[in-house]
2 protein chains.
Amino acid sequence: MNSLEEKTLHSKEIFSGKIITVELQDVKLPNGKQAKREIVKHPGAVAVIALTNENRIVMVEQYRKALEKIIVEIPAGKLEKGEEPASCARRELEEETGYVCESLEPLLSFYTSPGFADEIVHVFLAKGLTKKENPAAMDEDEFVNLKELTLEEAIQYVKEQKIYDAKTIYGVQYLQLQEALTTK
Amino acid sequence: MNSLEEKTLHSKEIFSGKIITVELQDVKLPNGKQAKREIVKHPGAVAVIALTNENRIVMVEQYRKALEKIIVEIPAGKLEKGEEPASCARRELEEETGYVCESLEPLLSFYTSPGFADEIVHVFLAKGLTKKENPAAMDEDEFVNLKELTLEEAIQYVKEQKIYDAKTIYGVQYLQLQEALTTK
């Protein structure tokens, strides 16, 4: 079996920001030729499918500068240096929604854009939510509106492209699948 | 209702590559303060859930330099300038797998990483597959191995993190949901 691997011949850092680092790499292809690869490095992130005791999905409405539009997403955020995904999930849930959770179950992780970025999202399921009196504050450059949707409303939001991103569409589909499997 | 919008005060192009462009923006926040935004611009992409007549899912095994690992994905690729998503889906399916399809149904689109990138993936469902005698060639820097998985195998691949990216996990879950809904 031929290896598909690409060996790095040279790597140059183009940009190092607060969130991403951009590298331009020269690689050796499996056939011996060379090519360039544009790589975005990201610290990784978590996302939380959080269900209230009334079985509503906790969402945040947020302006996304990269998209120049407001979309509705499950609570999520970047990993801080050395932070465990589960701790990050609890922190982001509290900061963005004011909720703390009794149970937090890791569901799965996925890369968002393997063609150019190493961002990975760790998805959790949170239950047993209670509102905290004085929740931790969000980042000072972050502004969100809380929304709690039934599964039916969330499915409608997907159709209307108010829910429009990979992790949230995964989350809605996950809950649809659980419902379909338990009512079989 | 307060607007969540962030206005661009200044935008500077940091890098313009073959695939991505990177911008550093100064924005005005809803509270009047300023912040920086790191934005990756991407031409957009398509992904194809393609089912053979034996109901196997067509996948490609591919080395992803950004991840430094081989993963198994549904066929996918970047939009060329001015290319319609459906045309791109047929082109990528043929180039990566040698299959042409009778029917191609748009399922949905999603942003992969709204926190820092504008990449959107348009997902299609392809059926009525036939192998083409002399399929169009892939990009010269692209190397993949074809794999055809049953849904059960694909679910196992997700568990084993051989399938590990957003669009492919969406695709597998989509097929699981369809199966659960039709066997209700």
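The values are calculated or read from the model by the stated rules, or taken from the named source; none is laboratory data. Everything numeric here is computed off the predicted structure, so don't read it as measured data. All Cβ positions, glycine included, derive from the backbone under ideal geometry; neighbour counts span all protein chains shown. To get the accessible areas, we keep the full protein, side chains included, count just its heavy atoms, and leave off ligands, DNA and RNA. Shrake-Rupley method; radii C 1.70, N 1.55, O 1.52, S 1.80 Å.
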Check your understanding: Does the stretch A:19-39 include one or more residues that are open to solvent by 40 Å² or more (accessible area, probe 1.4 Å), assigned by TED's automatic domain parsing to the domain that holds A:ALA166 and farther than 26 Å from A:ASN145 by Cα?
Key -> no
Review point. Is there a residue being within 24 Å of B:ILE39 (Cα to Cα), assigned by TED's automatic domain parsing to the domain that holds A:GLU133 and open to solvent by 10 Å² or more (accessible area, probe 1.4 Å) anywhere in the stretch A:51-59?
Key: no
Check your understanding: If you go through the stretch A:60-73, how many residues are more than 8 Å from chain B (Cβ to nearest Cβ) and open to solvent by less than 30 Å² (accessible area, probe 1.4 Å)?
Key -> 2
Revision key, fill the gap. Picked from the stretch A:125-145 (must be assigned to a loop (DSSP other than H, G, I, E, B) and closer than 18 Å to A:GLU73 by Cα), the residue farthest from the other protein chains (Cβ to nearest Cβ) is A:MET138
**Study point:** Residue ranges of strands (runs of 3 or more DSSP E) in the stretch B:58-118 with at least 1 members more than 13 Å from the chain's Cα centre (by Cα)
**Key:** B:69-73, B:99-111
Exercise for review: Please work out if B:GLY171 is assigned to a loop (DSSP other than H, G, I, E, B), within 18 Å of the chain's Cα centre (by Cα) and of a type outside the set (A, V, I, L, M).
Suggested key: no
Exercise for review: Quick one: in the stretch B:32-53, of everything that is touching a residue at least 60 places away in the same chain (Cβ under 8 Å) and in a loop (DSSP other than H, G, I, E, B), which residue is nearest to the other protein chains (Cβ to nearest Cβ)?
Suggested key: B:HIS42
Check your understanding: Within the stretch A:80-91, is even one residue touching an Asp or Glu at 6+ places or on another chain (Cβ under 6 Å), touching a residue at least 24 places away in the same chain (Cβ under 8 Å) and open to solvent by 30 Å² or more (accessible area, probe 1.4 Å)?
Key -> no
Check your understanding: Counting only residues that are of a type outside the set (Phe, Trp, Tyr), within 23 Å of A:GLU54 (Cα to Cα), in contact (Cβ under 8 Å) with a residue 24 or more places away in the chain and surrounded by 18 or more Cβ atoms within 10 Å (Cβ to Cβ), how many does the stretch A:149-170 have?
Key -> 6
Point to revise | Residues (among the aliphatic types (A, V, I, L, M) and more than 14 Å from chain A (Cβ to nearest Cβ)) located in the stretch B:74-96 | key: B:ALA86, B:ALA89, B:LEU93
Practice item. Would you confirm whether any residue within the stretch B:3-12 is surrounded by 14 or more Cβ atoms within 10 Å (Cβ to Cβ), part of a strand (DSSP E or B), at the interface with chain A (Cβ under 9 Å from one of its Cβ atoms) and at pLDDT 95 or above? Key: yes
